[in-house]
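A.B. asks: My structure is below; once you've seen it, I'll send some questions.
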Amino acid sequence: MTMHAPQGNPTLGADAGAVATGTALAPYDPAKFQRDQARVARGFWTKLRRVAGKLPFLDLLISVYYCGLDPATPLRAKATIMGALAYFILPTDLIPDFFTGIGFIDDATVLYAAARTVADHIKPAHRERAKALIQRKLADAPVDQAPSA
C-alpha cells in the first residue's frame, strides 16, 4: 500500500514529501528533518567520541552517518537516517545510555530499523570510509583507551 504525502518544500527535491517506512510512504516533515539534521551536525561526533568504545554497532552507525551526508542519497532516505542519528544523540531516550550492557539497546534498535529501511542507499564506499576511520582511530589509540571517532 502506498500513501501519498503532502508536498514538501520544492527546493528540497522531488521526494521531499515523504520518507520510506517499510514498503509504504509516510508523511515527511521538513521542519523535523531540518531540526534532526542540525542536531546531528552539532552532536554526532561529540557523542560518538564519548561512547565509541561501548558500541558493538559502531561500523554501522558511521556507515549510516556517511550515507546521510552523501549528496547522492535521496532526501527520504536522509530524513530516515537523520531521525535515527538524532535519536542516538539525544541525552534522554527510552533506555539511558549509562546503564551498562543495556543502555544502547534502544539506540541500536532505531539504527538497525533505519539502516534496513535505507539499505539500498548504504553504499560500499560508506562502509569502507567507516571502516577506515575506525581502523585509523584504533591504530592511533593507546592500548588501554577506547577508540574515539
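A.B. asks: Considering every residue within the range 48-64, establish whether at least one is surrounded by fewer than 18 Cβ atoms within 10 Å (Cβ to Cβ), at pLDDT 90 or above and either of a type outside the set (D, E, K, R) or within 14 Å of the chain's Cα centre (by Cα) (or both).
C.D. replies: Yes, because at least one residue in the range 48-64 is surrounded by fewer than 18 Cβ atoms within 10 Å (Cβ to Cβ), at pLDDT 90 or above and either of a type outside the set (D, E, K, R) or within 14 Å of the chain's Cα centre (by Cα) (or both).
A.B. asks: Also: So which residues in the range 120-141 are at pLDDT 90 or above, more than 18 Å from residue 81 (Cα to Cα) and open to solvent by less than 60 Å² (accessible area, probe 1.4 Å)?
C.D. replies: Matches in the range 120-141: 132, 133, 134.
The values are calculated or read from the model by the stated rules, or taken from the named source; none is laboratory data. These figures come from a predicted structure and were not determined experimentally. As a convention, Cβ positions derive from the backbone with ideal geometry for all residues, glycine included, and neighbour counts pool all protein chains shown. Heavy atoms of the whole protein, side chains included, go into the accessibility calculation; ligands, DNA and RNA do not. Shrake-Rupley method; radii C 1.70, N 1.55, O 1.52, S 1.80 Å.
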